[in-house]
1. Are there any pairs with C-beta distances below 7 angstrom linking a residue in the range 16-28 that is surrounded by 13 or more Cβ atoms within 10 Å (Cβ to Cβ) to a residue that is modelled with pLDDT of 80 or more, with the two at least 6 apart or on different chains, and if so which?
2. Which number in (1) among the hydroxyl-bearing types (Ser, Thr, Tyr); (2) loosely packed, with under 14 Cβ neighbours inside 10 Å; (3) at pLDDT 75 or above marks the one condition that residue 138 misses?
3. Taking interchain pairs and intrachain pairs at least six residues apart, which have beta carbon atoms under 6 angstrom, with the first residue in the range 57-77 and under 16 Å from residue 100 (Cβ atoms) and among the aromatic types (Phe, Trp, Tyr) and the second part of a loop (DSSP other than H, G, I, E, B) and at pLDDT 85 or above?
4. Restricting to the range 146-192, give me the number of residues that are in a helix (DSSP H, G or I), among the aromatic types (Phe, Trp, Tyr) and either in contact (Cβ under 8 Å) with a residue 60 or more places away in the chain or within 17 Å of residue 126 (Cβ to Cβ) (or both).
Amino acid sequence: MIGCPNCRAIQPDDAVNTDELSWCPVCDTEFRIDVFPALYLKPEHQAPGDSIINDGIHHGQAECFCHPGKRAVAPCSSCGRMLCSLCQVGVHGQSLCMSCLESGKEKKKISFLENRRTLYDNIALLLSLLPVLVIFPTLITAPVAIYVCLRYWRTPLSVIPRTRIRFVAAFLFSMGQIVIWFLFISERVNLL
């Protein structure tokens, strides 16, 4: 899947490696498409770190960006560098080089790489338990804890499997606080 350099429209496969100029069917830009055969190879059909043989059999094969002399089996989906089977990392159907994998993780550019996860069940439990020490903030934190429990009930809890017991405990404890406040306020109103 090669895109036009002008409009990025996907070009037909019959325009690739023809040694002639092609026209983009969308924007009529004239250009030539020459790609290494490694663009179309599947990495699982290659032996790890195959060397390029210069006897004419592998004429036009690309070298690995990191390992000169090793045959490239796939381009990096992010930067386009040609990679041998030793360098190519397959993640979610994409081939990535190690530098793109690291920079994608650090800069959070690759959405499927998860660096951390907010544990909303812990937040809900802390919202319901910590203010009990001072009592009055429970008027605010108990409803907020119930909101967090209900709002984030279906979000993934952690990379490591966990149960939703913290959500249940926070919800029950917060409901208990609200009931106690309701009884306390209604008793004070009856006394007046």
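1. So the pair list comes out as 23/30.
2. With respect to (1) among the hydroxyl-bearing types (Ser, Thr, Tyr); (2) loosely packed, with under 14 Cβ neighbours inside 10 Å; (3) at pLDDT 75 or above, residue 138 is out only on (2).
3. Close Cβ pairs satisfying both conditions: 65/81.
4. Within the range 146-192, residues that are in a helix (DSSP H, G or I), among the aromatic types (Phe, Trp, Tyr) and either in contact (Cβ under 8 Å) with a residue 60 or more places away in the chain or within 17 Å of residue 126 (Cβ to Cβ) (or both) number 4.
The values are calculated or read from the model by the stated rules, or taken from the named source; none is laboratory data. Source: prediction; values computed, not measured. Cβ atoms come from the backbone with ideal geometry, glycine included; neighbour counts cover every protein chain shown.
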